[in-house]
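Comments concern the structure below.
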Amino acid sequence: MAHVTFFPPYTPPCHAVQQLRDRGYAVLRPHDTAQWAGCTLAQLQALQVDWAGLPPDDFLKDGGRYRSRRHASFVLEGSAARQVAHRAHYQPVQYNALHGGMRRWFAPMLDATLAQPAWQALLGAVAETARAALAPQVARWFVEAHQFRIDTAGGIGRPTPEGAHRDGVDLVAVFLVGRENVKGGETRIFEATGPSGQRFTLSEPWSVMLLDDARMIHETTPIQPEGEHGWRDTLVLTCRRGAFLGDDETQ
(Lines give C-alpha, C1' and ligand atoms only; values in the text may rest on other atoms or scores of the structure.)
Protein backbone atom coordinates (compact mmCIF):
# COMPACT_ATOMS: atom_id res chain seq x y z
CA MET A 1 0.00 0.00 0.00
CA ALA A 2 1.33 3.46 -0.92
CA HIS A 3 2.50 5.68 1.90
CA VAL A 4 0.15 8.70 2.02
CA THR A 5 1.12 12.01 3.59
CA PHE A 6 -1.11 15.00 4.24
CA PHE A 7 0.01 18.59 3.73
CA PRO A 8 0.17 20.75 6.88
CA PRO A 9 -2.66 23.29 7.35
CA TYR A 10 -0.35 26.31 7.25
CA THR A 11 -1.46 29.65 8.69
CA PRO A 12 0.05 33.09 7.90
CA PRO A 13 1.97 34.38 10.94
CA CYS A 14 -0.34 37.38 11.24
CA HIS A 15 -3.22 34.98 11.91
CA ALA A 16 -1.43 32.61 14.28
CA VAL A 17 -2.80 34.11 17.49
CA GLN A 18 -6.39 34.17 16.21
CA GLN A 19 -6.04 30.62 14.87
CA LEU A 20 -4.87 29.45 18.30
CA ARG A 21 -7.87 31.12 19.92
CA ASP A 22 -10.36 29.77 17.38
CA ARG A 23 -9.00 26.27 16.63
CA GLY A 24 -6.49 25.50 19.38
CA TYR A 25 -3.55 25.16 16.98
CA ALA A 26 -1.60 26.95 14.26
CA VAL A 27 1.07 25.70 11.84
CA LEU A 28 3.63 28.01 10.19
CA ARG A 29 5.90 27.56 7.17
CA PRO A 30 9.65 28.00 7.72
CA HIS A 31 9.88 31.57 6.40
CA ASP A 32 6.78 32.46 8.40
CA THR A 33 8.33 30.91 11.51
CA ALA A 34 11.29 33.27 11.08
CA GLN A 35 8.95 36.23 10.64
CA TRP A 36 6.92 35.19 13.69
CA ALA A 37 10.10 34.89 15.77
CA GLY A 38 11.61 38.13 14.50
CA CYS A 39 14.79 36.60 13.07
CA THR A 40 15.96 35.25 9.72
CA LEU A 41 15.60 31.72 8.44
CA ALA A 42 19.39 31.57 8.14
CA GLN A 43 19.67 32.34 11.86
CA LEU A 44 17.26 29.50 12.64
CA GLN A 45 19.22 27.14 10.40
CA ALA A 46 22.42 28.05 12.27
CA LEU A 47 20.99 26.27 15.33
CA GLN A 48 20.78 22.91 13.55
CA VAL A 49 24.41 21.84 13.94
CA ASP A 50 23.89 20.96 17.61
CA TRP A 51 21.38 18.17 16.89
CA ALA A 52 24.04 15.84 15.40
CA GLY A 53 25.74 15.48 18.78
CA LEU A 54 22.83 15.07 21.18
CA PRO A 55 23.55 12.51 23.95
CA PRO A 56 21.31 9.45 24.46
CA ASP A 57 18.11 9.63 26.45
CA ASP A 58 18.80 7.13 29.25
CA PHE A 59 15.27 7.21 30.66
CA LEU A 60 13.26 5.40 27.98
CA LYS A 61 11.16 2.81 29.80
CA ASP A 62 10.32 0.87 26.64
CA GLY A 63 13.97 -0.22 26.45
CA GLY A 64 14.61 1.69 23.22
CA ARG A 65 17.82 3.49 22.24
CA TYR A 66 16.29 5.58 19.48
CA ARG A 67 16.09 8.96 21.25
CA SER A 68 18.77 11.55 22.03
CA ARG A 69 18.03 14.86 23.74
CA ARG A 70 19.09 17.93 25.69
CA HIS A 71 17.02 20.13 28.00
CA ALA A 72 17.07 23.66 29.45
CA SER A 73 14.67 25.88 31.41
CA PHE A 74 13.98 29.61 31.35
CA VAL A 75 11.84 32.26 32.97
CA LEU A 76 10.53 34.99 30.68
CA GLU A 77 9.21 38.23 32.12
CA GLY A 78 8.33 40.91 29.61
CA SER A 79 11.03 40.81 26.94
CA ALA A 80 13.71 39.48 29.32
CA ALA A 81 14.63 35.78 29.30
CA ARG A 82 16.60 34.26 32.17
CA GLN A 83 18.00 30.74 32.10
CA VAL A 84 17.54 28.99 35.45
CA ALA A 85 19.87 26.47 37.06
CA HIS A 86 19.76 23.11 35.33
CA ARG A 87 16.82 21.12 36.65
CA ALA A 88 15.07 17.81 36.14
CA HIS A 89 12.18 17.48 33.73
CA TYR A 90 9.03 16.26 35.47
CA GLN A 91 5.57 15.22 34.27
CA PRO A 92 2.79 13.70 36.37
CA VAL A 93 1.43 10.32 35.31
CA GLN A 94 -1.79 11.99 34.15
CA TYR A 95 0.15 13.65 31.32
CA ASN A 96 2.72 10.96 30.58
CA ALA A 97 1.61 7.42 31.40
CA LEU A 98 4.98 5.95 30.39
CA HIS A 99 7.45 8.34 32.04
CA GLY A 100 5.25 10.27 34.46
CA GLY A 101 6.28 10.57 38.09
CA MET A 102 10.02 10.49 37.28
CA ARG A 103 12.45 13.34 37.68
CA ARG A 104 14.52 12.96 34.53
CA TRP A 105 17.89 14.70 34.47
CA PHE A 106 18.71 15.16 30.79
CA ALA A 107 21.96 16.64 29.52
CA PRO A 108 21.86 20.46 29.49
CA MET A 109 21.68 22.43 26.27
CA LEU A 110 25.02 23.81 25.09
CA ASP A 111 26.02 27.39 25.82
CA ALA A 112 26.93 27.83 22.15
CA THR A 113 23.36 27.02 21.14
CA LEU A 114 21.84 29.37 23.70
CA ALA A 115 24.14 32.18 22.52
CA GLN A 116 22.78 32.05 18.97
CA PRO A 117 20.74 35.13 17.94
CA ALA A 118 17.76 32.98 16.96
CA TRP A 119 17.52 31.39 20.39
CA GLN A 120 16.41 34.48 22.27
CA ALA A 121 14.05 35.27 19.39
CA LEU A 122 12.33 31.88 19.69
CA LEU A 123 11.95 32.17 23.47
CA GLY A 124 10.41 35.61 23.16
CA ALA A 125 8.05 34.52 20.38
CA VAL A 126 6.58 31.54 22.24
CA ALA A 127 6.08 33.55 25.44
CA GLU A 128 4.48 36.46 23.59
CA THR A 129 2.22 34.10 21.65
CA ALA A 130 1.13 32.36 24.86
CA ARG A 131 0.35 35.72 26.41
CA ALA A 132 -1.49 37.12 23.39
CA ALA A 133 -3.51 34.00 22.55
CA LEU A 134 -4.14 32.36 25.91
CA ALA A 135 -3.52 34.60 28.92
CA PRO A 136 -3.09 38.36 28.31
CA GLN A 137 -2.92 39.03 32.04
CA VAL A 138 0.13 36.78 32.59
CA ALA A 139 3.51 38.55 32.51
CA ARG A 140 5.81 35.70 33.62
CA TRP A 141 6.19 32.45 31.70
CA PHE A 142 8.11 29.30 32.58
CA VAL A 143 9.61 27.81 29.44
CA GLU A 144 11.21 24.40 29.01
CA ALA A 145 13.25 23.59 25.90
CA HIS A 146 13.83 20.07 24.58
CA GLN A 147 16.10 19.13 21.69
CA PHE A 148 15.22 15.70 20.27
CA ARG A 149 16.74 13.38 17.70
CA ILE A 150 14.78 10.21 16.92
CA ASP A 151 16.76 7.75 14.81
CA THR A 152 16.04 4.46 13.09
CA ALA A 153 19.30 2.63 13.87
CA GLY A 154 17.25 -0.06 15.62
CA GLY A 155 14.71 -0.26 12.81
CA ILE A 156 12.05 2.06 14.21
CA GLY A 157 12.00 5.28 16.19
CA ARG A 158 9.15 6.60 18.33
CA PRO A 159 8.85 10.39 18.66
CA THR A 160 6.07 10.02 21.26
CA PRO A 161 6.45 6.64 22.98
CA GLU A 162 3.90 7.77 25.59
CA GLY A 163 1.21 7.95 22.87
CA ALA A 164 -1.33 10.71 22.36
CA HIS A 165 -1.01 13.14 25.24
CA ARG A 166 -1.14 16.64 26.66
CA ASP A 167 1.94 18.17 28.30
CA GLY A 168 0.33 19.93 31.28
CA VAL A 169 1.35 23.41 30.15
CA ASP A 170 -0.31 26.35 28.38
CA LEU A 171 1.40 26.47 24.98
CA VAL A 172 3.42 23.82 23.14
CA ALA A 173 5.59 24.71 20.12
CA VAL A 174 6.97 21.81 18.06
CA PHE A 175 9.58 22.85 15.49
CA LEU A 176 10.73 20.42 12.83
CA VAL A 177 14.50 20.95 12.69
CA GLY A 178 15.12 18.31 10.02
CA ARG A 179 14.41 14.79 8.80
CA GLU A 180 16.52 12.46 6.68
CA ASN A 181 15.87 9.05 5.09
CA VAL A 182 12.70 8.27 7.02
CA LYS A 183 9.05 7.64 6.37
CA GLY A 184 6.28 8.15 8.91
CA GLY A 185 6.48 10.76 11.60
CA GLU A 186 2.94 11.95 10.97
CA THR A 187 1.65 14.59 13.37
CA ARG A 188 -1.81 13.96 14.78
CA ILE A 189 -3.76 16.45 16.87
CA PHE A 190 -7.20 16.01 18.41
CA GLU A 191 -9.61 18.11 20.42
CA ALA A 192 -9.34 17.06 24.06
CA THR A 193 -13.12 17.35 24.54
CA GLY A 194 -14.45 16.95 21.01
CA PRO A 195 -14.38 14.82 17.86
CA SER A 196 -12.32 17.00 15.54
CA GLY A 197 -8.72 16.35 14.59
CA GLN A 198 -6.00 16.85 12.00
CA ARG A 199 -3.23 14.67 10.60
CA PHE A 200 -0.31 15.95 8.56
CA THR A 201 3.42 15.51 8.11
CA LEU A 202 5.90 18.29 8.90
CA SER A 203 8.66 17.98 6.32
CA GLU A 204 10.09 21.49 5.91
CA PRO A 205 12.86 22.38 8.39
CA TRP A 206 11.77 25.15 10.77
CA SER A 207 8.08 24.75 10.19
CA VAL A 208 6.35 24.90 13.57
CA MET A 209 3.13 23.64 15.15
CA LEU A 210 1.70 25.73 17.99
CA LEU A 211 -0.82 24.11 20.34
CA ASP A 212 -3.14 25.28 23.09
CA ASP A 213 -2.26 22.37 25.39
CA ALA A 214 -5.46 22.62 27.43
CA ARG A 215 -7.56 22.06 24.30
CA MET A 216 -5.48 19.73 22.12
CA ILE A 217 -4.02 16.23 22.43
CA HIS A 218 -1.07 15.42 20.17
CA GLU A 219 1.19 12.60 19.05
CA THR A 220 3.66 11.75 16.27
CA THR A 221 3.64 8.34 14.64
CA PRO A 222 6.79 6.17 14.55
CA ILE A 223 9.42 6.65 11.88
CA GLN A 224 10.97 3.89 9.78
CA PRO A 225 14.18 3.99 7.72
CA GLU A 226 14.26 4.75 4.01
CA GLY A 227 18.05 4.68 3.84
CA GLU A 228 21.12 3.61 5.77
CA HIS A 229 20.81 6.30 8.43
CA GLY A 230 17.43 7.83 9.15
CA TRP A 231 16.51 10.43 11.74
CA ARG A 232 14.01 13.15 12.66
CA ASP A 233 15.07 16.23 14.67
CA THR A 234 12.71 18.50 16.58
CA LEU A 235 12.80 21.33 19.08
CA VAL A 236 9.94 21.48 21.58
CA LEU A 237 9.31 24.59 23.66
CA THR A 238 6.60 24.59 26.33
CA CYS A 239 5.20 27.66 28.12
CA ARG A 240 3.45 27.44 31.46
CA ARG A 241 2.16 30.12 33.78
CA GLY A 242 2.78 30.05 37.54
CA ALA A 243 5.69 27.60 37.79
CA PHE A 244 7.51 24.83 36.02
CA LEU A 245 5.47 21.64 35.90
CA GLY A 246 6.13 19.71 39.09
CA ASP A 247 7.37 22.68 41.13
CA ASP A 248 3.82 23.57 42.22
CA GLU A 249 2.70 20.00 42.92
CA THR A 250 2.88 17.88 46.03
CA GLN A 251 5.36 15.06 45.46
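The values are calculated or read from the model by the stated rules, or taken from the named source; none is laboratory data. Since this is a predicted model, take the numbers as computed values, not measurements. Here Cβ is always computed from backbone atoms with ideal geometry, including for glycine, and neighbour counts include all displayed protein chains. Just so you know, the surface numbers come from the protein's heavy atoms only, side chains and all, with ligands and any DNA or RNA stripped out. Shrake-Rupley method; radii C 1.70, N 1.55, O 1.52, S 1.80 Å.
Report the net charge of residues surrounding Leu60, where surrounding means a beta-carbon distance below 14 angstrom and charges are Lys +1, Arg +1, Asp -1, Glu -1.
Local net charge: +2.
Could you pull out every residue, at least 5 positions away or on a different chain, whose amide H is within less than 5 Å of the one on Gln91? Hs are placed 1.01 Å off N in the peptide plane, and Pro or chain starts have none.
For Gln91, whose amide H was placed from the backbone, the distant partners under 5 Å are Gly101, Met102.
In the set (i) 18.8, 59; (ii) 16.9, 51; (iii) 17.6, 55, which value of Rg and Dmax of the Cα atoms in Å was calculated from the structure you see?
The value computed from this structure is option (ii).
Taking 25 Å as R0, compute the FRET efficiency from the Cβ-Cβ separation of Asp62 and Val93 and round it to 0.05.
Using R0 = 25 Å, I get an efficiency of 0.95.
Return a whole-number percent for the relative contact order of the chain, with Cα pairs under 8 Å and 6 or more residues apart as the contact set.
So the answer I get is 25 percent.
Could you provide, to the nearest whole Å², the per residue accessible area of the stretch 148-223 with probe 1.4 Å?
Spelled out: the 1.4 Å probe surface of the stretch 148-223, per residue, equals 34 Å².
Could you compute the net charge surrounding Gly230? Neighbours are other residues with a C-beta less than 10 Å from the C-beta of Gly230; K and R count +1, D and E count -1.
With Lys, Arg at +1 and Asp, Glu at -1, the net is -1.
Taking H as built 1.01 Å from N, whose amide H comes closer than 5 Å to the amide H of Glu186, not counting residues under 5 places away?
Thr221
What is the set of long-range amide H partners of Val138 at a cut-off below 5 Å, with H atoms built 1.01 Å from backbone N?
So Val138 has HN proximity to no qualifying residue.
Add -39500 (n - 2.57) for each DSSP H run of 4 or more in the chain, then divide by its residues: what number comes out at 222 nm, to the nearest 500 deg cm²/dmol?
Helix-only estimate at 222 nm: -4500 deg cm²/dmol.
Treat each spin label as a single point 7 Å out from the Cα along the C-beta direction, and report the Gln18 to Leu110 distance in nm.
In this crude label model, Gln18 to Leu110 measures out at 4.2 nm.
Would you work out the charge dipole size for the chain about its Cα centre, treating the Cβ of every Lys and Arg as +1 and the Cβ of every Asp and Glu as -1, and quote it to the nearest 20 debye?
The calculated dipole for the chain is roughly 160 debye.
Using only Cα atoms, locate the centre of the stretch 1-78 and the centre of the stretch 180-231, then give the distance between them in Å, rounded to an integer.
10 Å
Tell me whether the stretch 17-107 comes out rounded, prolate or oblate; compute the Cα gyration tensor, take square roots of the eigenvalues as a ≥ b ≥ c, and use a/c under 1.5 as the rounded threshold.
Taking the square roots of the gyration eigenvalues as a ≥ b ≥ c, the stretch 17-107 is prolate.
Starting with the highest mean, order 172-178, 162-168, 4-10 by the number of other Cβ atoms within 10 Å, averaged over the residues of each peptide.
Result, highest mean first: 172-178, 162-168, 4-10.
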